[in-house]
1. So, L125, is that one closer than 28 Å to G204 by Cβ and modelled with pLDDT of 90 or more or not?
2. In this structure, does L227 turn out to be open to solvent by less than 50 Å² (accessible area, probe 1.4 Å), at pLDDT 85 or above and in contact with an Asp or Glu (Cβ under 8 Å, 6 or more places away or on another chain)?
3. Output the number of residues of the stretch 108-135 satisfying the condition of being touching a residue at least 60 places away in the same chain (Cβ under 8 Å), under 12 Å from I82 (Cβ atoms) and of a type in the set (A, V, I, L, M).
4. Please state which one of T220, T197, T182 is closer than 26 Å to L151 by Cα and buried (at least 16 other Cβ atoms within 10 Å of the Cβ).
5. Output the residues belonging to the stretch 5-57 that are at pLDDT 95 or above, acidic (D, E) and more than 20 Å from the chain's Cα centre (by Cα).
6. What number of residues within the stretch 78-94 are part of a loop (DSSP other than H, G, I, E, B) and open to solvent by 30 Å² or more (accessible area, probe 1.4 Å)?
7. Considering only residues that are open to solvent by 30 Å² or more (accessible area, probe 1.4 Å) and either over 25 Å from the mean Cα position of the chain (by Cα) or modelled with pLDDT under 80 (or both), which ones fall in the stretch 95-112?
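The values are calculated or read from the model by the stated rules, or taken from the named source; none is laboratory data. Fair warning: this is a prediction, and the values are worked out from it, not measured in the lab. With ideal geometry, Cβ positions are generated from the backbone for all residues, glycine too; neighbour counts draw on all protein chains shown. Note: areas computed on protein heavy atoms with side chains; ligands, DNA, RNA excluded. Shrake-Rupley method; radii C 1.70, N 1.55, O 1.52, S 1.80 Å.
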Amino acid sequence: MIFRDVFEPQTIHDLIAQTIPVTKANLNHELGIADYYWYCWDDHRTQVERKQIDEILSNLDAVEELLSRELSNDVEETILLIEGDCEPIPGVKSFTQSWKLGKGGKIMVPGHKYALNYKRLQAWLFQLSQAGVVIVRTPHYLATAFTLVALYESSQSEEHGTLNRIIKDKIRIKDVNPHIITLMGIRNGGVGEEIATALINRYGTACYTLSRDLDELADTMIGDKRLGIIRAKKLLKAFGRQV
């Protein structure tokens, strides 16, 4: 079953319900959970925040603040689903134009122009992925419904058949914690498997870990020793924070 927030479109609800049971709930305001939420095959939880591209382009900081709150709710996996597309405006450095579904519902047409640099948007999305947020993009609400069904159905199976046909060594969700890998993959962060595991055991996700105060992070126990200010500062600086 998929839970969806009461303010999400009924159209998407009805499309999903053709394949998977859907239940409305006040996820955002009462529970602090994203727009869609379900349990996976191994009982870990997934939440999906659906944002139209215009919402992101008009207020990047507000979207980041929302994701930060949702990442602190202890749900193990967070997906940002971006509905719609955008492109840089040739010859203009600081503006990006969105695209939206036309009135006929068949073609994409130019939308609004926003004073957000396209490179900044792409860098922001990359940093989110580095912090453990999965980025999924769809062109319109119809594709969003199909994508949510695909994500849900994939999460209900231990093995991923498509990948297994391509990659000989089978990939299983239980074999890896992507948040630990994310911390270890931060260039010049000085984080090995032991430190990354301790941090994720304490904070749950890479994004929540990297949003902590310096002193709090430094107090994390790595075995019988503290992480310490020097190593904590090195990690946060490598991630791009000013500490």
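1. Working: closer than 28 Å to G204 by Cβ: yes; modelled with pLDDT of 90 or more: yes.
In short, yes.
2. Working: open to solvent by less than 50 Å² (accessible area, probe 1.4 Å): yes; at pLDDT 85 or above: yes; in contact with an Asp or Glu (Cβ under 8 Å, 6 or more places away or on another chain): yes.
Taking the combined requirement at face value, the residue satisfies it.
3. Residues that pass the stated criteria total 3.
4. Numbers: T220 fails: closer than 26 Å to L151 by Cα; T197 fails: closer than 26 Å to L151 by Cα.
The match here is T182.
5. Matches in the stretch 5-57: D14 only.
6. The number of residues fulfilling the criteria is 6.
7. K100, L101, K103, G104, G105, K106, I107, M108, V109, P110 - these are the residues of the stretch 95-112 that are open to solvent by 30 Å² or more (accessible area, probe 1.4 Å) and either over 25 Å from the mean Cα position of the chain (by Cα) or modelled with pLDDT under 80 (or both).
Residues checked against (1) in contact (Cβ under 8 Å) with a residue 12 or more places away in the chain; (2) in a loop (DSSP other than H, G, I, E, B); (3) in contact with a helix residue (DSSP H, G or I) (Cβ under 8 Å, 6 or more places away or on another chain); (4) under 22 Å from E65 (Cβ atoms):
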{"position": "T182", "(1), (2), (3), (4)": "yes, no, yes, yes"}
{"position": "E194", "(1), (2), (3), (4)": "yes, no, no, no"}
{"position": "A198", "(1), (2), (3), (4)": "yes, no, no, no"}
{"position": "C207", "(1), (2), (3), (4)": "yes, no, yes, yes"}
{"position": "K233", "(1), (2), (3), (4)": "yes, no, yes, no"}
